[in-house]
Amino acid sequence: VLSLGDPCGIGPELAVKAWHELKASRELAFCVIGDAGVLRAAGAEVAVVGDVAEAGDVFGLTLPVLDRPLGAPAVAGHPDAVHAPHITGWIRTGVELCRGGQARGLVTAPIAKSVLYGAGFGFPGHTEYLAELCRDGDGPAPHPVMMLTAKDLRVVLATIHVPLAEVPSRLSLAGLVETARITHQALKCDFGIARPSGLNATFGGVP
C-alpha cells in the first residue's frame, strides 16, 4: 500500500507515476490510501476499492484507491494544517493493514512536517511515528532504523532527526548494537543477503 502523503505536495504525482510504471505488472500491484479526488485531479484513472485484495484485479487499467476523503480542498503547492489528521490517518491505516496481514508493505509519500507540527504532531518525522504505530500494548515502541539505499549502497543512520550538536549525547553502545542487530536481520530477511557483514562508521553532518 502507498499512503498519499501531503495532498498539496508531490505525493499524488508520485503515486500516479508509479502506477503508470508498474501497471503492466500485476504482481507489483499496489493500492493508494488517500483522497480519490486528489488522484483524479493528478491525472489518474481511479478505481475506489473497499479492500486491498481488490487491487490486483483493477491495477492494469485503473489506480486502486482506498478512498479516505479530505475534509477541505487541497491546493497544490500550498500545504495546509487542516489536512494533518488525514495525512497521519492514511499512514496509520497503512500500518494497520500491514500488521493485520492485509498488505505486504507500506510506502509513504512525502509529508510536510512543518504543517503537521502546526497541528500538534508530536514526532520528529515519519520514522518515529511508524515506530509508535508498531508499539504493542503498553510496551515500548520498537527501535526505529532508517536505511538509505542507492543501487548496492546501503547506509543506516545511528541518529535521525536531531540537530548535529545533540548527536554525541544520543550515541550509546547499546543503541549502536541494537541498530546493527536490526540492520543485520533486515539485510537477511528483506534484502536476501545470506551473510551480511561489515561496519563503516562515518561522522559528519550539516550545521
Enclosed volume per residue, in Å³, of the convex hull spanned by Cα atoms of region 33-103: 85
Simple Cβ-charge dipole of the chain, Lys/Arg +1 and Asp/Glu -1, about Cα centre, in debye nearest 20: 560
Separation of the R92 and V155 label points, Cα + 7 Å toward Cβ, nm: 3.4
Read-out Rg and Dmax of the Cα atoms in Å, derived from the coordinates shown; its label in [x] 19.7, 64; [y] 18.5, 52; [z] 16.2, 53: [y]
Listed residues P168, G94, Y129: farthest to the positive end of the dipole of region 91-207 (Cβ charges): G94
Values of log10 I(q)/I(0), in the order q = 0.16 Å⁻¹, for region 84-149 under a Debye, Cα-only, solvent-free model: -0.57
Rg(Cα) / (2.2 N^0.38 Å) computed for region 63-105, rounded to two decimals: 1.36
Most to least packed among 161-173, 27-39, 50-62 [average Cβ atoms within 10 Å]: 27-39, 50-62, 161-173
Gain upon complete extension [D190, K113; 0.36 nm per residue less C-alpha separation]: 24.9 nm
Quarter of Cα convex hull surface for region 112-164, i.e. mean projection, nm²: 5.3
Descending semi-axes in Å of region 97-207, equivalent ellipsoid built from Cα gyration tensor: 23, 21, 15
Square roots of five times the Cα gyration tensor eigenvalues for region 18-64, Å: 16, 13, 8
Alpha carbon centroid spacing (whole Å) that separates region 27-77 from region 148-168: 32
Solvent-accessible surface (1.4 angstrom probe) belonging to I193, in square angstrom, nearest 10: 50
Summed residue charge, Cβ within 15 Å of A72's Cβ, Lys/Arg positive, Asp/Glu negative: -2
For the chain, with +1 on Lys and Arg beta carbons and -1 on Asp and Glu, the positive-most of G192, V32, P7 along the dipole: G192
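The values are calculated or read from the model by the stated rules, or taken from the named source; none is laboratory data. Fair warning: this is a prediction, and the values are worked out from it, not measured in the lab. Methodologically, a virtual Cβ is constructed for each residue, glycine included, from the backbone with ideal geometry; neighbour enumeration extends over all protein chains shown. To get the accessible areas, we keep the full protein, side chains included, count just its heavy atoms, and leave off ligands, DNA and RNA. Shrake-Rupley method; radii C 1.70, N 1.55, O 1.52, S 1.80 Å.
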